[in-house]
Amino acid sequence: QVQLVESGGGLVQAGGSLRLSCAASGRTFSRYHMGWFRQAPGKERDFVAVISRSGGTDYADSVKGRFTISRDNAKNTVYLQMNSLKPEDTAVYYCAADGGAIAPKSGSRYDYWGPGTQVTVSS
């Protein structure tokens, strides 16, 4: 079992930055691929970024060059640094953990989810 809790969301002006954190419980955090997803009102949940257990990363095209995912296995925490934020980045952001062989981009592949943190970008 892995429990995830996101933090760091809030209200920011367009062009600003936020850093989201996701703290995981348990002693096997390093064995999981960790992903960030987001869901805007009335829309489906979308993939944002993933970091594999070995540290490889991948991003949605919409956030490439602006967002950076990282992890600190000693702190059981994954981060999402978000720069140059746009109003269209407004959403609830979720972190998720997957213990499979390959770091997935599909939310259906993930085993554990946090409750989410709201990010609102004003224009």
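Bear in mind that the values in this text are calculations on the coordinates, not laboratory data. Since the structure is predicted, the reported quantities are computational estimates derived from the model, not experimental observations. A quick note on method: Cβ atoms are made from the backbone with ideal geometry, for glycine too, and the neighbour counts reach across all protein chains shown.
Rounded to the nearest 0.05, what FRET efficiency do Gln3 and Ser54 have when you use their Cβ-Cβ distance and R0 = 25 Å?
The formula returns an efficiency of 0.60 here.
Could you grab the relative contact order for the chain? Cα pairs under 8 Å, six or more apart, rounded to a whole percent.
36 percent.
Run down the lysines and flag those whose C-alpha is under 21 Å from the C-alpha of Lys64, throwing out any fewer than 8 positions away in its chain.
List returned: Lys43, Lys86, Lys105.
Rounded to the nearest 20 Debye, what is the dipole magnitude of region 1-120 about its Cα centre when Lys and Arg each give +1 and Asp and Glu each give -1 at the C-beta?
Using only the charged Cβ atoms, the result is roughly 220 debye.
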